[in-house]
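Notes to accompany the following structure.
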């Protein structure tokens, strides 16, 4: 099993569950996402949301992709607010994957966060070797 299978699985979904922490309390939200070839994940949200505030004070996050069936991806990583240079090549790909996200692009306070995975676990209980775990990705 290789990283292309993981990316292919992730690209089947428009949303993931993003978990952040504030004052040692977890908070989770469903968000639209896109993924690049290195499995970096882009999410968008308003700066006024709890998740944005949480990320800006504690950048360590976790993500779950795939909510039904025998396959799922769990990710832990570090989120940073994406720069204009980082967004230049990513936004159109993001909007293509998550078309509903484009309507928020012009909203004041719209922000994009790039999540770089440090740990990933892909589970496929239909496969002979059901688990692929990767550490120290960044």
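Throughout, read-outs are computed from the coordinates displayed, never taken from laboratory work. Since the model is a prediction, treat every value here as computed from it, not as a measurement. As a convention, Cβ positions derive from the backbone with ideal geometry for all residues, glycine included, and neighbour counts pool all protein chains shown.
Here are the numbers for this structure:
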quantity: Relative frequency of Cα-Cα separations exceeding 23 Å in region 3-135, percent; calculated: 30
quantity: Equivalent ellipsoid semi-axes, region 1-79, via Cα gyration tensor eigenvalues times 5, rooted, Å; calculated: 23, 12, 11
quantity: For region 89-138 versus region 1-28, the gap between their alpha-carbon centres in whole angstrom; calculated: 6
quantity: Exposure proxy order (Cβ contacts within 10 Å, fewest to most) of 87, 42, 114; calculated: 87, 114, 42
